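Student: Input: one structure, supplied below.
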Amino acid sequence: MDSILVRGNGPLKGQIPIAGAKNACLTLMPATLLTEEPLTLTNAPRLSDIRTMTQLLGSLGAEVAALQGGQVLAMSSHNLTSQHADYDIVRKMRASILVLGPLLARFGQAEVSLPGGCAIGARPVDLHLKALEAMGAELDLRDGYVRAKTSGLRGAVFVFPIVSVGATENALMAATLAKGTTVLKNAAREPEIVDLAQCLRRMGAQIEGEGTSTITIQGVDRLGGATHPVVTDRIELGTYMLAPAICGGEVELLGGRIDLLAAFCEKLDAAGVSVTETDRGLTVSRKNGRIRAVDVVTEPFPGFPTDLQAQMMALLCTAEGTSVLEEKIFENRFMHAPELTRMGAKIEVHGGHATVHGVEKLRGAPVMATDLRASVSLILAALAAEGETVVSRVYHLDRGYEKVEEKLSACGALIERIAG
Ligand code: EPZ
């Protein structure tokens, strides 16, 4: 297993290109199952999760050609040979459950392994299933699989009891081919869902209201092919915005869009970080003086993203004052705290709250990545720490960030991968 070695090296200066969004691409790819015509995604990120989704679609008989180094995904499910999504693949990536709605909508049947939980929580999929049942799916849960069938999905009104990104995406895709009108209430509003709706509309779907909490879909008989650019990755963007915030200096994030991160940028401003829009993206630098403590509560979009909570905690470890972070989306998303503590941070975790008492400086130490966003939080902390940090188990990192060491080295960071 690879590790990443980081030596604190002071302020950063340079540009970082932001890739297409992992969490948009992972729902756009299953959309190919809705049509027999080609669906091509451009601006796709080159990540291990994308390769896993490619493997899953391939196991169903879909063709996915990664062109231009993986930035273009040319897909076709003209000759689908199976509707069985096996545990061996699904267990590697929970987003695999997003093939369920499209398979059911197009073929009237699907057999998909239930994804296990993961480090950050139990991650149930009951809302995915309830939404599909509301549209007429008959579900049989046995041996760790959900076997679904329908004589034809029908439009329905479904109210999500809690906001769920994945369940909204599964229901949205299924509804495009259901007979009649579907209304999804208390739907997730994330930009990745807006991006999915825009792609489905290019394919001929009739959708209104994406980005609000009520999405209305008028089912159609069939969908066509399309070419669609994956929206920029707001979580990668937010992550790299924190690099100059933590280290000092100035970095321009190419392709960054401030409208995707309004709540996050408000917190950065309060903490003493300057964010300026440029004609190529965003420039970020630390205002004069030390970072100030701020309180953070994670919420569904447009609130502060849970996927940036770990990274924000790294910034607040060296802030002046005490910050309280409340994690309201997942039940176990503070596993980066003990690792940051090894670097000298002062953090108390009680249930869904983490209290961070800022210290002047962190110190490098051997630490272990536990999940995707925790791993990058440790790298951010290491950039500003005195001395050397080795982050182990970086396979977590490679799921969601392409070429981290290259992107940060280009701005003056001392960071390298150690093959293990
Ligand atoms: C998506 O996960 C993202 N993953 C996550 O990003 C992100 O943290 C999450 O949305 C919240 O924004 C992808 O898009 C591939 P949810 P998802 O359904 O869809 C509960 C990353 O780091 N819930 O919105 O699984 C659930 O347990 C990853 O890139 C149910 O109870 O998240 C959680 O507490 C991590 N039943 C809450 O809802 C369900 O059927 C929100 O989960 C579904 C979810």
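Student: Tally up the residues in the range 105-120 that are closer than 22 Å to Leu172 by Cβ and either in a helix (DSSP H, G or I) or within 18 Å of the chain's Cα centre (by Cα) (or both), please.
Tutor: Final tally of qualifying residues: 4.
Student: Still on this structure, I have one more. Give me the pairs: first residue in the range 96-123 and of a type in the set (Val, Ile, Thr), second residue surrounded by 15 or more Cβ atoms within 10 Å (Cβ to Cβ) and assigned to a strand (DSSP E or B), beta-carbon distance under 7 Å, and six or more apart or on different chains, which are they?
Tutor: Note: pairs meeting the criteria are Ile97/Val112; Val99/Ala85; Val99/Val112; Val112/Ala85; Val112/Tyr145; Val112/Val146.
Student: Looking at Arg290, Arg333, which is the one that is modelled with pLDDT under 95 and touching an Asp or Glu at 6+ places or on another chain (Cβ under 8 Å)?
Tutor: On the way: Arg333 fails: modelled with pLDDT under 95.
Answer to the selection: Arg290.
Student: Mind counting the residues in the range 164-185 that are out of contact with any Asp or Glu (no Cβ under 9 Å at 6 or more places or on another chain) and either within 8 Å of the ligand (Cβ to nearest atom) or modelled with pLDDT under 95 (or both)?
Tutor: The total comes to 2.
Student: Would you confirm whether any residue within the range 303-316 is part of a helix (DSSP H, G or I), touching a residue at least 60 places away in the same chain (Cβ under 8 Å) and of a type in the set (Gly, Ala, Ser)?
Tutor: First, pick out the residues of the range 303-316 that are part of a helix (DSSP H, G or I): 306-316.
Checking the rest, the ones that are also touching a residue at least 60 places away in the same chain (Cβ under 8 Å) come to 307-315.
With the extra rule that they be of a type in the set (Gly, Ala, Ser), the set shrinks to 310, 314.
Within the range 303-316 (the criterion being part of a helix (DSSP H, G or I), touching a residue at least 60 places away in the same chain (Cβ under 8 Å) and of a type in the set (Gly, Ala, Ser)), the answer is yes, since at least one residue qualifies.
Student: Continuing with this model, one more query. Of the residues in the range 4-23, how many are over 13 Å from Asp233 (Cα atoms) and surrounded by fewer than 19 Cβ atoms within 10 Å (Cβ to Cβ)? Talk me through it step by step, then tell me what you get.
Tutor: So the first thing to find is which residues in the range 4-23 are over 13 Å from Asp233 (Cα atoms), and the list is 4-15.
Narrowing further to those that are surrounded by fewer than 19 Cβ atoms within 10 Å (Cβ to Cβ): 5, 7, 9-11, 13-15.
Selection size over the range 4-23: 8.
Student: Moving on. Does at least one position in the range 312-324 carry a residue that is touching a helix residue (DSSP H, G or I) at 6+ places or on another chain (Cβ under 7 Å) and acidic (Asp, Glu)?
Tutor: Among the residues of the range 312-324, not one is touching a helix residue (DSSP H, G or I) at 6+ places or on another chain (Cβ under 7 Å) and acidic (Asp, Glu), which makes the answer no.
Student: Moving to a separate point now. Among the residues of the range 150-162, what is the count of those that are within 16 Å of the ligand (Cβ to nearest atom) and buried (at least 19 other Cβ atoms within 10 Å of the Cβ)?
Tutor: Pass one, the range 150-162, residues within 16 Å of the ligand (Cβ to nearest atom): 158-162.
Then keep just the ones that are buried (at least 19 other Cβ atoms within 10 Å of the Cβ); that gives 158.
Of the residues in the range 150-162, 1 are within 16 Å of the ligand (Cβ to nearest atom) and buried (at least 19 other Cβ atoms within 10 Å of the Cβ).
Student: Here's another thing I want to ask about it. Just checking, does the range 126-141 include any residue being near the ligand (Cβ under 9 Å from one of its atoms), more than 19 Å from Leu26 (Cβ to Cβ) and out of contact with any Leu (no Cβ under 7 Å at 6 or more places or on another chain)?
Tutor: yes
Student: Also, I was wondering about something else. Residues in the range 345-363: is at least one of a type in the set (D, E, K, R), part of a loop (DSSP other than H, G, I, E, B) and crowded, with 19+ Cβ neighbours inside 10 Å?
Tutor: So in the range 345-363, the residues of a type in the set (D, E, K, R) come out as 346, 348, 360-361, 363.
From what's left, part of a loop (DSSP other than H, G, I, E, B): 360-361.
Going one step further and asking which of them are crowded, with 19+ Cβ neighbours inside 10 Å, we end up with none.
No, the range 345-363 contains no residue that is of a type in the set (D, E, K, R), part of a loop (DSSP other than H, G, I, E, B) and crowded, with 19+ Cβ neighbours inside 10 Å.
Student: Another question, then. Is it the case, given these coordinates, that Ser77 is buried (at least 24 other Cβ atoms within 10 Å of the Cβ), within 13 Å of the ligand (Cβ to nearest atom) and of a type in the set (Ser, Thr, Tyr)? Before you say what the answer is, go through the steps one by one.
Tutor: Working: buried (at least 24 other Cβ atoms within 10 Å of the Cβ): yes; within 13 Å of the ligand (Cβ to nearest atom): no; of a type in the set (Ser, Thr, Tyr): yes.
No; evaluated as a whole, the condition is false for this residue.
Student: Only one residue in Thr176, Thr227, Thr214 is among the hydroxyl-bearing types (Ser, Thr, Tyr), surrounded by fewer than 19 Cβ atoms within 10 Å (Cβ to Cβ), out of contact with any Pro (no Cβ under 7 Å at 6 or more places or on another chain) and within 25 Å of Ala44 (Cα to Cα). Which one?
Tutor: Numbers: Thr176 fails: surrounded by fewer than 19 Cβ atoms within 10 Å (Cβ to Cβ); Thr214 fails: within 25 Å of Ala44 (Cα to Cα).
Every option except Thr227 fails the conditions.
Student: Which one is surrounded by the fewest Cβ atoms within 10 Å (Cβ to Cβ) among residues in the range 39-71 that are touching a residue at least 60 places away in the same chain (Cβ under 8 Å) and not in a loop (DSSP other than H, G, I, E, B)? Working first, answer last.
Tutor: First, the residues of the range 39-71 that are touching a residue at least 60 places away in the same chain (Cβ under 8 Å): 39-49.
Narrowing the set further to residues that are not in a loop (DSSP other than H, G, I, E, B) leaves 39-42, 48-49.
Details: Leu39: 27, Thr40: 18, Leu41: 25, Thr42: 15, Ser48: 17, Asp49: 21.
For the range 39-71, the residue satisfying everything is Thr42.
Residue by residue, here is whether (1) touching a residue at least 24 places away in the same chain (Cβ under 8 Å); (2) within 16 Å of the ligand (Cβ to nearest atom) holds:
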{"position": "Ala226", "(1), (2)": "yes, no"}
{"position": "Leu254", "(1), (2)": "yes, no"}
{"position": "Ala263", "(1), (2)": "yes, yes"}
{"position": "Gly272", "(1), (2)": "no, no"}
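Student: Let me ask you something else. Can you tell me which condition Thr239 does not meet? The list is (1) within 16 Å of the ligand (Cβ to nearest atom); (2) farther than 30 Å from Cys317 by Cβ; (3) β-branched (Val, Ile, Thr), and all the others hold.
Tutor: It is condition (2) that Thr239 fails.
The values are calculated or read from the model by the stated rules, or taken from the named source; none is laboratory data. A quick note: this is a predicted structure, and the numbers were derived from the prediction, not measured. Note that each Cβ is placed from the backbone with ideal geometry, even for glycine, and that neighbours are counted across all protein chains shown.
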